[in-house]
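A.B. asks: The following block contains the structure, expressed as structure tokens.
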Amino acid sequence: MKVTEVRIKLNQTAGRLKAYCSVTFDDVFVIRELKLIDGPNGYFLAMPSKKLEDRCPHCSAKNQVRSHYCNWCGKRLPENRASSDMQGRLRLYADVAHPIKMEFRQMLHDVVMAAYRREKELAETMGENYQPKELWRIEELSNYIRLEEIGKPSDEYLLDEDEKENDSL
Ligand SMILES: [Zn+2]
């Protein structure tokens, strides 16, 4: 399976969220709502995710695991229903689509990063006249991907221990 298109929507406001992305595979399948985040260990491509929920012990309605009161019956919910990841952070979201193999994840990251850099370059060179191109065909990115491979390795993939646990959700 190969990436054939990447859409990049730059997030121009300050903060760690740098872009929203969608990726097309083999010209026939799209995954939307990926987020490119400038994290403490470099850029990280966050998969589309949903908030984790569990059921109220009183009425069985679904609530987010961080809620203190049931949205349906209003009764108090048990504390500490969210589990923690290996860094001790509460696990409040679960990926709804994600790569299984590390090599595929790396490839996806490299392709999205290449599209992101090109979109950003465009924004910087055009200044006020910037019109988002957004859609990048893989052919337009190939040189950039090769450059990145020679450049720095994406060390954020060493962090993936906690994501492996996510896979079992
Ligand atoms: Zn309830």
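Read-outs throughout are calculated quantities, based only on the coordinates presented, and are distinct from any laboratory measurement. In this text the structure is predicted, and so the values were computed from the model without any measurement. Reconstructed Cβ throughout: ideal geometry from the backbone, glycine too, with neighbour counts over all protein chains shown.
A.B. asks: Mind checking the angle between helix 102-126 and the chain's longest principal axis? C-alpha axes, 0 to 90 degrees, to the nearest 10.
C.D. replies: That works out to roughly 60 degrees.
A.B. asks: Can you find, among V23, L77, Y130, the residue farthest towards the positive end of the dipole of the chain? Put +1 on the C-beta of Lys and Arg, -1 on that of Asp and Glu.
C.D. replies: Toward the positive end, the furthest listed residue is L77.
A.B. asks: What ranking do 108-120, 12-24 get when scored by the average of other Cβ atoms within 10 Å per residue, highest first? Mind showing how you got there, number by number?
C.D. replies: Values: 108-120: 21.3, 12-24: 14.9.
Peptide ranking by packing, descending: 108-120, 12-24.
A.B. asks: I'd like the distance separating the alpha-carbon centroids of segment 69-100 and segment 103-117, in whole Å.
C.D. replies: So the separation of the two Cα centres works out to 29 Å.
A.B. asks: I8: net charge of surrounding residues, Cβ under 9 Å, Lys/Arg +1, Asp/Glu -1, itself excluded?
C.D. replies: +3
A.B. asks: Might you report the magnitude of the Cβ-based charge dipole of the chain about its Cα centre, with Lys and Arg at +1 and Asp and Glu at -1, to the nearest 20 debye?
C.D. replies: With Lys and Arg at +1 and Asp and Glu at -1, about 860 debye.
A.B. asks: If you don't mind, there's one more thing I want to ask. How much net charge surrounds C73 when only the other residues with a Cβ under 14 Å from the Cβ of C73 are counted, with Lys and Arg +1 and Asp and Glu -1?
C.D. replies: Every neighbour counted, the sum reads +4.
A.B. asks: Here's something else I'd like to know. Name the cysteines of the chain that stand alone by the Cβ rule: no other cysteine Cβ under 4.7 angstrom.
C.D. replies: Those would be C21, since no other cysteine Cβ in the chain comes under 4.7 Å of theirs.
A.B. asks: Could you order peptides 126-133, 36-43, 97-104 by the average number of other Cβ atoms within 10 Å of their residues, highest first?
C.D. replies: 36-43, 97-104, 126-133
A.B. asks: If you take all C-alpha pairs in the chain, what percent of them are over 28 Å apart?
C.D. replies: 34
A.B. asks: In addition: Convert each backbone phi in segment 50-63 into a coupling constant with the Karplus relation 6.51 cos²θ - 1.76 cosθ + 1.60 (shift: θ = phi - 60°), then list the ³J(HN,Hα) values in order as whole Hz, x for Gly and Pro.
C.D. replies: Rounded to whole hertz, the list is 10, 6, 6, 10, 9, 9, 5, x, 8, 10, 6, 5, 8, 9.
A.B. asks: Beyond 22 Å between alpha-carbons counts as too far, so tell me which of K18/K101; K35/K101; K35/K120; K9/K50; K2/K35 fall in that bin.
C.D. replies: From the list (K18/K101; K35/K101; K35/K120; K9/K50; K2/K35), the Cα-Cα distance tops 22 Å for K18/K101.
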